[in-house]
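Remarks on the structure that follows.
Laboratory data are not the source of any read-out in this text; all were calculated from the coordinates shown. Everything numeric here is computed off the predicted structure, so don't read it as measured data. Counting neighbours? That spans all protein chains shown, and the Cβs are built from the backbone with ideal geometry, glycine included.
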């Protein structure tokens, strides 16, 4: 019978990752400030988003796959787990939460699904990340990079597909950047892959260090 990671472990991981996520959200606000001051066009923001989001997917797939294989003896499941844990949760982080944030702020904001619109780019990179995770079980640097890439991708989703008075909205943008990264990234990199690890195999998962 399979069990999920203990609730207290999940809470502990969320608390441990909160300070770095605050740092990432702060860098995002600084980048947004520069984007406004230098009047970066939505088309440029869109190009940057479609560069950062696929990289986010690669790192997320790498970490999710590596964590799962580190504690499981069922490697045949890694493709499904790596794909859903990267593309699905990266879409939540980079697209759905910024879109909902923009909607709550009454912005004019468009809804896009990169894994459909740019399927020829996002999906192959997800499988590339899975392959790397299977080959090299490393999680420390990719997780940190994952957090920053997710923050910046979420930021450029706002400026690429939304219209608003960004300077006055910076405090709210900071909050949504934090939320779009904090829980989804921990969910993708830590919680999701371990949901599929049987109890006999997940002993010692509390020793995971990102």
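What spacing in nm lies between the two simple spin-label points modelled at residue 131 and residue 34, each 7 Å away from Cα in the Cβ direction?
Between residue 131 and residue 34, the simple spin-label model gives 3.3 nm.
How much length is gained on full extension from residue 167 to residue 117, taking 0.36 nm per residue of separation minus their Cα-Cα distance?
Contour length minus the Cα-Cα distance gives 15.0 nm.
Can you divide the C-alpha Rg of segment 38-191 by 2.2 N^0.38 Å and report the result to two decimal places? Let's see the in-between values first.
Details: Rg = 15.5 Å, N = 154, 2.2 N^0.38 = 14.9 Å.
After normalising by residue count via 2.2 N^0.38 Å, the value is 1.04.
Can you tell me the order of 61-70, 175-184 when each peptide is scored by its average per-residue count of other Cβ atoms within 10 angstrom, highest first? Mind dumping the intermediate values first?
Numbers: 61-70: 27.2, 175-184: 22.6.
With the highest mean Cβ count within 10 Å placed first, the list reads 61-70, 175-184.
Could you check the simple spin-label distance between residue 44 and residue 174, using points 7 Å along Cα→Cβ, in nm with one decimal?
2.5
Take the Cβ-Cβ distance between residue 104 and residue 74 as r, set R0 to 30 Å, and report the resulting FRET efficiency rounded to the nearest 0.05. Walk me through the intermediate numbers first.
On the way: r = 40 Å, r/R0 = 1.34.
My answer for the efficiency is 0.15.
So for each of 17-29, 107-119, 148-160 I average, over its residues, the number of other beta carbons within 10 Å; can you give me the resulting order with the highest mean first? Write down the numbers at each step before the final one.
Values: 17-29: 17.9, 107-119: 14.9, 148-160: 27.2.
Ranked from most to least packed, the peptides come out as 148-160, 17-29, 107-119.
Based on the mean of other Cβ atoms within 10 Å per residue, sort peptides 123-130, 49-56 so the most packed one is first.
Details: 123-130: 20.5, 49-56: 22.8.
Most protected by this proxy first, the peptides run 49-56, 123-130.
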